[in-house]
């Protein structure tokens with residue numbers, strides 16, 4: 001722990017801090033002016049990249065105190081809520097504001113059919129953030145109990161990990177820029193399904209290093225593909 005300031009400031013937490021900074025920037029950009037879901041999605045991809053390796057980096061320090069380990073666990077979950085909970089919701093709102101088909105439907109006067117549908121979409125996004133928070137809190141509690149009784153590394157996740165958002169929502173954005181039609185409305189059923197999977201009882205094998213590298217590779221490919229698609233179809 002730092003003697004001058006509360007918290008930890010060594011290399012073991014740098015990637016987690018960078019993930020939160022990326023999430024904050026993505027949230028701000030997504031909600032600024034008309035909204036920029038395209039740029040916000042790149043920050044979401046960056047959050048996924050930082051999260052993929054923050055634990056590995058932290059474990060390289062062998063003399064971490066118990067307090068430093070617990071601090072790392074807490075900031076990881078808090079950062080995940082911002083990066084993979086709040087940021088996808090903000091990207092969804094930005095998509096509504098930039099959608100050629102939904103903008104005029106959702107933003108006329110109050111008490112219209114479009115306004116009702118808009119609030120339904122907002123409700124789905126709020127549910128998604130709530131589900132992400134529940135998933136993270138449940139994981140923290142059960143992981144702490146598991147370590148006290150079993151020890152060792154976890155082999156399965158219960159419920160879809162919230163970090164999957166770093167692959168799911170950029171995929172939707174990727175198709176948004178390559179398909180001839182506006183698919184913004186697809187974002188909201190997906191955000192509902194993803195939220196339900198967060199708090200479901202499904203068991204998902206925890207990926208090893210190879211699985212993590214595959215997911216990182218998918219994210220990098222999405223990053224490159226979105227840049228190329230934007231340049232090719234929206235000059």
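Out of the stretch 188-211, which residues are part of a helix (DSSP H, G or I) and surrounded by fewer than 16 Cβ atoms within 10 Å (Cβ to Cβ)? If you could, list the steps in order and put the result at the bottom.
Taking the stretch 188-211 as the starting set, the residues that turn out to be part of a helix (DSSP H, G or I) are 188-198, 209-211.
Across the stretch 188-211, the qualifying residues are 189, 193, 196, 209, 210, 211.
Quick one: which residue in 42, 5 is under 15 Å from the mean Cα position of the chain (by Cα) and modelled with pLDDT under 95?
Working: 5 fails: under 15 Å from the mean Cα position of the chain (by Cα).
Exactly one residue qualifies, and that residue is 42.
Looking at (1) under 16 Å from residue 169 (Cβ atoms); (2) buried (at least 20 other Cβ atoms within 10 Å of the Cβ), which one does residue 54 not meet, given that it meets all the others?
So the condition that residue 54 fails would be (1).
What number goes with the only condition from (1) at pLDDT 85 or above; (2) more than 19 Å from residue 84 (Cβ to Cβ) that residue 198 does not pass?
(2)
What are the residues in the stretch 45-63 that are closer than 23 Å to residue 161 by Cβ and modelled with pLDDT under 90, if any?
Our first condition is that a residue be closer than 23 Å to residue 161 by Cβ; within the stretch 45-63, this holds for 45-60.
Those that are closer than 23 Å to residue 161 by Cβ and modelled with pLDDT under 90: 52, 53, 54, 55, 56, 57, 58, 59, 60.
Of the residues that make up the stretch 81-93, is at least one at pLDDT below 95 and not in a helix (DSSP H, G or I)?
There is no residue in the stretch 81-93 that is at pLDDT below 95 and not in a helix (DSSP H, G or I).
Taking the criterion of being over 20 Å from the mean Cα position of the chain (by Cα) and under 29 Å from residue 196 (Cα atoms), would at least one residue in the stretch 53-76 satisfy it?
yes
Which is crowded, with 18+ Cβ neighbours inside 10 Å, over 24 Å from residue 218 (Cβ atoms) and in contact with a helix residue (DSSP H, G or I) (Cβ under 6 Å, 6 or more places away or on another chain), of 26, 85, 72? Steps first, please.
Details: 26 fails: over 24 Å from residue 218 (Cβ atoms); 85 fails: over 24 Å from residue 218 (Cβ atoms).
Going through 26, 85, 72 in turn, just one is crowded, with 18+ Cβ neighbours inside 10 Å, over 24 Å from residue 218 (Cβ atoms) and in contact with a helix residue (DSSP H, G or I) (Cβ under 6 Å, 6 or more places away or on another chain): 72.
Is it the case, given these coordinates, that residue 160 is surrounded by 16 or more Cβ atoms within 10 Å (Cβ to Cβ), at pLDDT 90 or above and assigned to a loop (DSSP other than H, G, I, E, B)?
Details: surrounded by 16 or more Cβ atoms within 10 Å (Cβ to Cβ): yes; at pLDDT 90 or above: yes; assigned to a loop (DSSP other than H, G, I, E, B): yes.
When the stated conditions are applied, residue 160 passes them.
Testing residue 222 on (1) surrounded by 14 or more Cβ atoms within 10 Å (Cβ to Cβ); (2) modelled with pLDDT of 85 or more; (3) under 24 Å from residue 43 (Cβ atoms), one condition comes back false. Which one is that?
(2)
The values are calculated or read from the model by the stated rules, or taken from the named source; none is laboratory data. None of the values given here were measured: they were computed from a predicted structure. For neighbour counting, all protein chains shown are included, and Cβ atoms are generated from backbone atoms with ideal geometry for every residue, glycine included.
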